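Quick notes on the structure that follows.
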Amino acid sequence: MAVKRERFWPGVLALILALALSAQPLPDWAQVWRPDWIALVMIYLAIHSPRQFILGSALLVGLLLDALYGTPLGQYALSLIICCYPALKLHLRLMLVPIWQTTLSAVLFTALYQFMLFWCNGATGNDPGAASYLAPLLSNAIVWPLVLAALDRLRLGPRTKS
């Protein structure tokens, strides 16, 4: 029996789309509510494609985000690695729980991501305000089921009725 290999391109395509959504300019009032697209996609990949180089991908994508936002080198990379590691370790359990529990887990992982960004910004003397760290958690909770459905569809293909 042949071993089914996971397709690599859906994850790459999702990361490129998440980078594009992260780079998209928003009005000042909406900037605070921007979901953490990259973190959500990396959490999804850590849960559903753990054999691919998730932590290495988190490092590379985090360095791209550092360059995109002009932050100190390694801030987003460190935050993404620390965010993805628990999702990677718990991926077998998270695949079996209902969607509301994966949503709660994704919000907790992105809260860890936001805390690391808060800590790095505090260490470098930047203070964008507490709302810029707490508001994305609510938008992440709203967007996560949509991200989950879209990436499942992209990774698994359309479902056929038998």
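The values are calculated or read from the model by the stated rules, or taken from the named source; none is laboratory data. If you're wondering where the values come from, they're calculated on a predicted model, not measured in any experiment. Cβ: placed from backbone, ideal geometry, glycine included. Neighbour counts: every protein chain shown. Just so you know, the surface numbers come from the protein's heavy atoms only, side chains and all, with ligands and any DNA or RNA stripped out. Shrake-Rupley method; radii C 1.70, N 1.55, O 1.52, S 1.80 Å.
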#### Entry: Per residue accessible area in Å² of region 106-154, where ligands, DNA and RNA are left out and the probe is 1.4 Å
51 Å²
### Query
At q = 0.22, 0.24, 0.32, 0.34 Å⁻¹, what is the log10 ratio I(q)/I(0) for region 102-143, with the Debye formula run over Cα points and no solvent?
-0.68, -0.76, -1.07, -1.14
### Message
Ignoring ligands, DNA and RNA, please state the percent of accessible area on the chain from carbon and sulfur, probe 1.4 Å.
### Response
71 percent
## Note on the structure
For the L73, Q52 Cβ pair and Förster radius 25 Å, calculated FRET efficiency rounded to 0.05 is 0.55
### Summary
Most packed first (mean Cβ within 10 Å per residue), the peptides 68-75, 8-15 order as 8-15, 68-75
### Volume per residue that the Cα convex hull of region 47-115 spans, once the total is divided by residue count, Å³
79 Å³
### Task
Note the direction-averaged projected area, equal to a quarter of the hull surface, for the Cα convex hull of region 1-71, in nm².
5.4 nm²
### Message
Quick check: convex hull of the Cα atoms in region 76-123, volume per residue, rounded to a whole Å³?
### Response
53 Å³
### Task
Largest first and in whole Å, give the semi-axes of region 1-148's equivalent ellipsoid, each being the square root of 5 times a Cα gyration tensor eigenvalue.
25, 17, 14
### Task
Please give the calculated 222 nm ellipticity per residue for the chain, where each DSSP H segment of at least 4 residues contributes -39500 (n - 2.57) and the sum is spread over every residue; nearest 500 deg cm²/dmol?
-24000 deg cm²/dmol
